[in-house]
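Chemist: Quick one: structure below, then a few questions.
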Amino acid sequence: MDNRRFVTFLVFFFAFTYLYNGIIVPKFFPRPVPVVDGDIAEDEAGAEADGETSVAAEADPNSGDPDVAVDVVEDAEPAVHPHRLLNIGSLDPESGYFLDVVLNSAGAAIESVKLADPKFKELKDATEQVQVVGTNSTEDRTFTTAIDAIDEQLKKHKLTLETIDWEVVSSDAGHATFAFESPNHALKVEKTYFVNKVEFAPGEIKEAFTTESSGFTIELELKVTNLSDKAVPVVYELQGPVGVVLENEEHTRKYRDIKIEFLGEDDDVTLGAKAVAKLCETMGFGTNEAKIRAALKQKEAWTGAFRYAGVDVQFFAALVAPLDGREEAERISSRWIDRTYPVMIQEDRVDVNMSDISFRMVSNPQELAAKGGDDSVTHKYAFFVGPKRATLLDPEPMRADQVLDYGSYFGFIARGMHYLLDTFYGWGMPYFLAIICLTVLVRGCMFPLSRKQAISAARMKDLQPKLAELKVKYGDDKEKFAKAQMELWRKNNINPLGGCLPLFFQFPVFIALYTCLNTAVDLRLSSFLWIENLAAPDALMRMPKLPFLGSDFNLLPCITVVLFLMQQKMFMPPPADEQAAAQQKMMNFMTVFMGVMFWHVPAGLCIYFIASSVWGIAERKLLGNTKLATDEDGSDGDDGEPSVKVIPPGKGGQAKTASAKPELPAKQGFMAKLMAAAEEAQRQTENKREKEGKGKGKKKGR
């Protein structure tokens, strides 16, 4: 009874403490906000109480004291401009514009970017063009700009240069210019966006969408002018691409990645959402975004001069490149951007891989002379937003063909396959037919190996009775049985690894094709039968959500597994003992498990395996009409191949021998020579031991 009362007391005590501190005190007895030098102090979430400098007010270590740079007028009020959304470019593909860009006067930033190519629709709504940038639900926007000298003045009004509305100076279908003047009228910032218009001949619009990279490029011109009577050091900070679209979330294996390629010898960077989340976690500042950004800005920054920096997903990329016309050596020694650091835009608590990540670019200090002298600085940037095609990524200024990640080991095979798929697709074939043609081409090139595999399997099947006799003869003596088995294979010119050769060559093809189909943007939204998107699982119907499998029932992986099992039954000889039977059961289990692993692969890859399996079954049926014959001494034809007797289906009688020169000795293969060398070495070892044993016996006798 006493224990029950004690537990009840603890429950009520902690409940009352939680209600009192969490609800009653904040609502009815709020703590007064301290005022320091006429400015409202930040709360504990902003964390200025410990004397640290906020990100906006943090002085760059190379830029001097920002308080000396600008004379802050205490009573100065920032100019108030109306909030506006502007459109440049167009969604009409005939207009010559490839992009539709929405600009926001808040921060003079890019709100969203959509592609005008009719091929690129939203996966979930085929009536809408795909939006590549700006899919985030946070207030972050692409190309918002922070300048410490101006943000220090706006802080007292609880504003920043990234959130306040800028003045719209001018705009039309191809450009828009924004401007903002600091409250003390010492600095003026202007940002101009340009969208390129592509000229193409009638009927060439499809080709233009695949070759004209300028149409997918937005140009940004950033100009900072000193309006005061003394020199001002300026450091600006640009936000990178925000809200890059992540499609097919349930099945994709390619999430958002930050990719940077540097000039010179610096190593390139590829950083995923999980790595960015881990960096933020190791900062030790909890959820304080300002302090995390400050720490990343100083400690986890990349300081090299980059050719491009961006965020890419499976089929699209958003890349930023300085439009700097100087020589590469000068761009490295006197770079515009001092450092680039990653930021977590929106973390997904369920699956961190789904998080929205980006980066920020901090400029080198720019010394602006007093008004009338060299009082302004202008930097230009190219912003590529479009599909990941080699023809679009390779031209200047990006030269970002490495964004198409084909892998390090079999990349050359994947590139070749991608070229073949594009060639077939360019001939007017639908993509499913292009994949089938690629399958026929690959299997046709591998036919000699497949033929050898079939011959080897047929010979091993014919030798099963002899193997059974050897099993009975040697009983449980596995070592003698293995020697006799290898000797039997050697006499009949059978390579036990011959059946693995096609698999050995198909493995890199499989890896390369998987990589190729994951990067082939034309596969996206290509349809076939009930399949709406060959770049994703076929999703025949919805089902209750299952662990690992998800909520989509995919038919193609099931068909693939059934065909694999049929091939195994046709290709593998019947088991001669319990061990072989256990191995076959294990192979069947692994095949079914492979179907589970194929559950989330693109439907295009399943079509390749289905076509390959059908080819293999037909090939085996064709080769199954042959019988293999060897002479009694195990000799073969003069070409080292077994003599083949062609037996027409449904007819008996004597078979005709395809090649016959039995008097010639059989040519030994590599494995046969290896086994012979091993047996010779073993015989020499046994003879040596016998001689040593005899020598010891003689000594004992003496």
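The values are calculated or read from the model by the stated rules, or taken from the named source; none is laboratory data. Small disclaimer: the values here were computed from a predicted structure and weren't measured. Cβ: placed from backbone, ideal geometry, glycine included. Neighbour counts: every protein chain shown.
Chemist: What are the residues in segment 604-617 that are out of contact with any Leu (no Cβ under 8 Å at 6 or more places or on another chain) and at pLDDT 85 or above, if any?
Modeler: Of all residues in segment 604-617, those out of contact with any Leu (no Cβ under 8 Å at 6 or more places or on another chain) come to 611-612, 615-616.
Residues satisfying the conditions are ALA611, SER612, TRP615.
Chemist: Here's something else I'd like to know. Count, please, the residues in segment 325-341 that happen to be within 23 Å of LYS297 (Cα to Cα) and either of a type in the set (Asp, Glu) or touching an Asp or Glu at 6+ places or on another chain (Cβ under 7 Å) (or both).
Modeler: Keep residues of segment 325-341 that are within 23 Å of LYS297 (Cα to Cα), which gives 331-341.
Checking the rest, the ones that are also either of a type in the set (Asp, Glu) or touching an Asp or Glu at 6+ places or on another chain (Cβ under 7 Å) (or both) come to 331, 336, 338, 341.
Here the count works out to 4.
Chemist: Taking segment 151-168 as the region of interest, how many residues are part of a helix (DSSP H, G or I) and either acidic (Asp, Glu) or not assigned by TED's automatic domain parsing to the domain that holds VAL235 (or both)?
Modeler: Filtering segment 151-168 down to residues part of a helix (DSSP H, G or I) leaves 151-157.
So of that shortlist, the ones also either acidic (Asp, Glu) or not assigned by TED's automatic domain parsing to the domain that holds VAL235 (or both) come out as 151-152.
Going through segment 151-168 one residue at a time, the tally reaches 2.
Chemist: To continue, here is another question. Among the residues of segment 291-310, is any assigned to a strand (DSSP E or B), in contact (Cβ under 8 Å) with a residue 12 or more places away in the chain and within 20 Å of THR135 (Cα to Cα)?
Modeler: First, pick out the residues of segment 291-310 that are assigned to a strand (DSSP E or B): 302, 306-310.
Adding the requirement that they be in contact (Cβ under 8 Å) with a residue 12 or more places away in the chain leaves 302, 306-310.
This time we only want the ones that are within 20 Å of THR135 (Cα to Cα), so: 309-310.
Yes, because at least one residue in segment 291-310 is assigned to a strand (DSSP E or B), in contact (Cβ under 8 Å) with a residue 12 or more places away in the chain and within 20 Å of THR135 (Cα to Cα).
Listed here are the residues, each with its yes/no results for (1) more than 30 Å from LEU463 (Cβ to Cβ); (2) in the same structural domain as GLN453 (by TED's automatic domain parsing); (3) at pLDDT 80 or above.
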{"position": "ALA539", "(1), (2), (3)": "yes, yes, yes"}
{"position": "ARG542", "(1), (2), (3)": "yes, yes, yes"}
{"position": "LEU549", "(1), (2), (3)": "yes, yes, yes"}
{"position": "VAL561", "(1), (2), (3)": "yes, yes, yes"}
{"position": "MET566", "(1), (2), (3)": "no, yes, yes"}
{"position": "PHE571", "(1), (2), (3)": "no, yes, no"}
{"position": "PRO574", "(1), (2), (3)": "no, yes, no"}
{"position": "GLN579", "(1), (2), (3)": "no, yes, no"}
{"position": "VAL601", "(1), (2), (3)": "yes, yes, yes"}
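Chemist: Does ILE559 qualify as being closer than 25 Å to ASP125 by Cβ and β-branched (Val, Ile, Thr)? Give the derivation first.
Modeler: On the way: closer than 25 Å to ASP125 by Cβ: no; β-branched (Val, Ile, Thr): yes.
No: the conditions fail for ILE559.
Chemist: Here is a further query. Please state which one of VAL189, VAL195, VAL224, VAL232 is over 30 Å from CYS516 (Cα atoms), crowded, with 21+ Cβ neighbours inside 10 Å, of a type outside the set (Gly, Ala, Ser) and in contact with a helix residue (DSSP H, G or I) (Cβ under 6 Å, 6 or more places away or on another chain). Write out each step before concluding.
Modeler: Details: VAL189 fails: in contact with a helix residue (DSSP H, G or I) (Cβ under 6 Å, 6 or more places away or on another chain); VAL195 fails: in contact with a helix residue (DSSP H, G or I) (Cβ under 6 Å, 6 or more places away or on another chain); VAL224 fails: in contact with a helix residue (DSSP H, G or I) (Cβ under 6 Å, 6 or more places away or on another chain).
Of the residues listed, the single one that is over 30 Å from CYS516 (Cα atoms), crowded, with 21+ Cβ neighbours inside 10 Å, of a type outside the set (Gly, Ala, Ser) and in contact with a helix residue (DSSP H, G or I) (Cβ under 6 Å, 6 or more places away or on another chain) is VAL232.
Chemist: What is the residue count in segment 236-269 for residues that are surrounded by fewer than 23 Cβ atoms within 10 Å (Cβ to Cβ) and either in a loop (DSSP other than H, G, I, E, B) or of a type in the set (Gly, Ala, Ser) (or both)?
Modeler: Qualifying residue count for the region: 17.
Chemist: Suppose the filter is more than 24 Å from the chain's Cα centre (by Cα), assigned by TED's automatic domain parsing to the domain that holds ASN226 and part of a strand (DSSP E or B); does VAL132 pass it? So that I can check it myself, show each step before the final result.
Modeler: On the way: more than 24 Å from the chain's Cα centre (by Cα): no; assigned by TED's automatic domain parsing to the domain that holds ASN226: yes; part of a strand (DSSP E or B): yes.
Taking the combined requirement at face value, the residue does not satisfy it.
Chemist: OK, next. Can you tell me how many residues within segment 464-484 are outside any helix (DSSP H, G or I) and either in contact (Cβ under 8 Å) with a residue 40 or more places away in the chain or in contact with a Phe, Trp or Tyr (Cβ under 9 Å, 6 or more places away or on another chain) (or both)? Break it down into steps so the answer makes sense when it comes.
Modeler: Narrowing segment 464-484 to residues outside any helix (DSSP H, G or I): 475-477.
Subsequent filtering for residues that are either in contact (Cβ under 8 Å) with a residue 40 or more places away in the chain or in contact with a Phe, Trp or Tyr (Cβ under 9 Å, 6 or more places away or on another chain) (or both) retains 475.
Qualifying residue count for the region: 1.
Chemist: Only helices (runs of 4 or more DSSP H) wholly contained in segment 370-463 count here; list those with 3 or more residues that are surrounded by fewer than 19 Cβ atoms within 10 Å (Cβ to Cβ) and either at pLDDT 85 or above or outside the structural domain of GLU181 (by TED's automatic domain parsing) (or both). Before the answer, list the steps.
Modeler: Numbers: elements: 390-393, 411-426, 431-445, 447-462.
Per the criteria, 411-426, 431-445, 447-462.
Chemist: Here is a further query. Of the residues that sit in segment 274-304 and are modelled with pLDDT of 85 or more and of a type in the set (Val, Ile, Thr), which one is nearest to MET354 (Cα to Cα)?
Modeler: VAL276
Chemist: What number of residues within segment 124-148 satisfy the criterion of being in contact with a Leu (Cβ under 7 Å, 6 or more places away or on another chain) and over 23 Å from PRO342 (Cα atoms)?
Modeler: Residues of segment 124-148 in contact with a Leu (Cβ under 7 Å, 6 or more places away or on another chain): 129-130, 132, 143, 145-147.
Filter once more, so that each one left must be over 23 Å from PRO342 (Cα atoms): 129-130.
Result for segment 124-148: 2.
Chemist: Tell me whether segment 209-219 contains one or more residues that are surrounded by fewer than 18 Cβ atoms within 10 Å (Cβ to Cβ), assigned by TED's automatic domain parsing to the domain that holds ALA309 and not hydroxyl-bearing (Ser, Thr, Tyr).
Modeler: The answer is yes, given that some residue of segment 209-219 is surrounded by fewer than 18 Cβ atoms within 10 Å (Cβ to Cβ), assigned by TED's automatic domain parsing to the domain that holds ALA309 and not hydroxyl-bearing (Ser, Thr, Tyr).
Chemist: Something else: Return yes or no: is ARG326 in contact with a strand residue (DSSP E or B) (Cβ under 8 Å, 6 or more places away or on another chain) and either part of a helix (DSSP H, G or I) or over 24 Å from VAL133 (Cβ atoms) (or both)?
Modeler: On the way: in contact with a strand residue (DSSP E or B) (Cβ under 8 Å, 6 or more places away or on another chain): no; either part of a helix (DSSP H, G or I) or over 24 Å from VAL133 (Cβ atoms) (or both): yes.
Spelling it out, it is not the case that ARG326 is in contact with a strand residue (DSSP E or B) (Cβ under 8 Å, 6 or more places away or on another chain) and either part of a helix (DSSP H, G or I) or over 24 Å from VAL133 (Cβ atoms) (or both).
Chemist: Now a separate question. Could you list, in sequence order, the residues of segment 79-105 that are closer than 14 Å to ALA179 by Cβ and not in a loop (DSSP other than H, G, I, E, B)?
Modeler: Within segment 79-105, LEU86, LEU103 meet the criteria.
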